[in-house]
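Here the structure comes first, spelled out in structure tokens, and everything after it is commentary.
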Amino acid sequence: MRRIKKLMAAVLLLCMTMCFAGCGETKLVSQDQQRANCRNWDVNSIMKTDKGFYYSKKSLEPLNLYYYDAENGKSMYLCNKPECRHEGDEFCAATSDKYMVQETILYSGSLYISAIEETETAYEYKLLKASLDGSSLSEVVTYYETDNIEVTPLLNRESGPAVTIHRNKAFLPYRLSNRNNKEIGVSGTAVYDLETGELTYLGEKIRELKDRDFNFIGCGDYMYYVHEQKYKTRLNRYSYKDGSVEELTLERGFKGDYAVYDESTVFYIISQHELYKYTHDKKENIRIPQNEWNGQLIDVFDEDGILVKTVMINLLNLYSVLSDGEYVYIPEDFSNSHDMATYKKEVISYLHSEEEEEEPKKKYIEVTILDADGNYVNHVEVKSEEVIGYNEFFTLHILDDTVYMQTPFMVYECSKADFVAGNANFKEVYSQDLGILSVKEYEGWGE
């Protein structure tokens, strides 16, 4: 009898051990990238689950992970150890002074973090993984390592997002420049298979600094990305089926701003003025007319005041374009995918003489919405001042059927249906502190 009890106790202990070992672990599920859920230098994408939201501090800061519980309306460190002080030591699952974080994204029930660890002799680029219940933080893979004597990580606004995951493959670009000459250095992109653990690279593992990859967008069985060399910028796509890479033949003047509508359709910007649609099936580039949403007829007169001609000009520069596979979205005169934005304080006056009255200041950002063929659907005016009470920096994110407006201190939401209909009726969702300065904290800004 005693032997049977001991056996039962051992079995029970084994079951409990297996149960706790599984806590915080999730089964890897292949997911598509939410390509209109923007991220940039300032903010991560919106990381939403059915119970709340996750967020982290801005780029190039020590690790700080947070969770907002939608049920009780509270934000907390993503660490489930009640005795933890969250001071950045190895005991904490939410904070760490060991890593300099580049970007955090939500994928398949976990947070994946691209980070750099600096040791006494080397820089180590790593992909980390944090459980959503705050029970663990672990290293997944070191995808690039080099000594820290001659080079240093090149971390600037042109570097772009540092990790993109689509259908279980993580694309991880890295760049380092010479300490004494920022014009030279090394560049590369690692490709890590989350399912098999295989680590490969796009092209050579070590390339010249000016030979870089950025702006990764996953769609279907492809990962699109921009490949920039010294004198040319290309749009490539990587095939998940065989690992091959092909170049899309776009018009001259492409600098890297594009959106993937579907596997065969890409919208892209030329020289910050022209919008094109590329269809891969036909290998065709079609210029999208902007007259209805970004044009104005201007009369040109000769010295005697006689009308010579009437020309159509584009009023606004095009800096970014995004698509969720249903619509194409073009923010007015700012790059939603590069920086947080605010309305322009300067007055658009280049069409007027000095004697003419200046146009009133616009206290909103206008977003134009197009369909799959590039036809005008609608526009919507995003007025952060009406929502917050003053003009503030923000980034727009489109996730499923919701549009989010993320500011340094608060996230707001609006239904996508209302947004497309021209009604930007944003409401508060959750508060956060990203460590980013507010408009009011910048000298020279104000109401």
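Some values worked out for this structure:
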item: The stretch 71-92, subset small (Gly, Ala, Ser) and closer than 26 Å to Lys48 by Cβ, residue surrounded by the most Cβ atoms within 10 Å (Cβ to Cβ); result: Ser75
item: Qualifying residue in the stretch 273-280 (condition: of a type in the set (S, T, N, Q), open to solvent by 10 Å² or more (accessible area, probe 1.4 Å) and over 22 Å from the mean Cα position of the chain (by Cα)); result: yes
item: Complete set of residues in the stretch 231-266 that are in contact (Cβ under 8 Å) with a residue 40 or more places away in the chain, in a loop (DSSP other than H, G, I, E, B) and in contact with a Lys or Arg (Cβ under 8 Å, 6 or more places away or on another chain); result: Tyr240
item: Counted residues, the stretch 365-407 - those being farther than 17 Å from Gln432 by Cα, part of a loop (DSSP other than H, G, I, E, B), open to solvent by less than 50 Å² (accessible area, probe 1.4 Å) and in contact with a strand residue (DSSP E or B) (Cβ under 9 Å, 6 or more places away or on another chain); result: 3
item: Selection status of Gly109, of a type in the set (Gly, Ala, Ser) and either modelled with pLDDT of 95 or more or under 17 Å from the mean Cα position of the chain (by Cα) (or both); result: yes
item: Leu132 out of contact with any Pro (no Cβ under 8 Å at 6 or more places or on another chain), in contact (Cβ under 8 Å) with a residue 24 or more places away in the chain and farther than 15 Å from Gln102 by Cα; result: yes
item: Residue within the stretch 40-53 that is in contact with a strand residue (DSSP E or B) (Cβ under 6 Å, 6 or more places away or on another chain), modelled with pLDDT of 90 or more and of a type in the set (D, E, K, R) present; result: no
item: Pair list, Cβ under 6 Å, 6 or more apart: the stretch 317-333 residue free of Cβ contacts under 8 Å to residues at least 40 places away in the same chain and surrounded by fewer than 21 Cβ atoms within 10 Å (Cβ to Cβ), other residue in a strand (DSSP E or B) and of a type in the set (D, E, K, R); result: none
item: Matching residues, the stretch 215-230, being open to solvent by less than 20 Å² (accessible area, probe 1.4 Å) and either closer than 19 Å to Asn168 by Cβ or assigned to a loop (DSSP other than H, G, I, E, B) (or both); result: Phe216, Ile217, Gly218, Cys219, Gly220, Met223, Tyr224, Tyr225
item: Some residue of the stretch 175-187 being open to solvent by 20 Å² or more (accessible area, probe 1.4 Å), outside any strand (DSSP E or B) and either within 20 Å of Pro62 (Cβ to Cβ) or of a type in the set (Asp, Glu) (or both); result: yes
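To keep it simple, each residue is scored yes or no on (1) at pLDDT 70 or above; (2) of a type outside the set (Phe, Trp, Tyr); (3) not in a strand (DSSP E or B).
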residue	(1), (2), (3)
Glu292	yes, yes, yes
Glu303	yes, yes, yes
Ile313	no, yes, no
Glu326	yes, yes, yes
Asp333	yes, yes, yes
Lys344	no, yes, yes
Ser349	no, yes, yes
His352	no, yes, yes
Glu357	no, yes, yes
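The values are calculated or read from the model by the stated rules, or taken from the named source; none is laboratory data. On a predicted model such as this, the values are computed, not experimentally measured, just so you know. Here Cβ is always computed from backbone atoms with ideal geometry, including for glycine, and neighbour counts include all displayed protein chains. Protein only, heavy atoms only, side chains kept; ligands, DNA and RNA dropped before computing areas. Shrake-Rupley method; radii C 1.70, N 1.55, O 1.52, S 1.80 Å.
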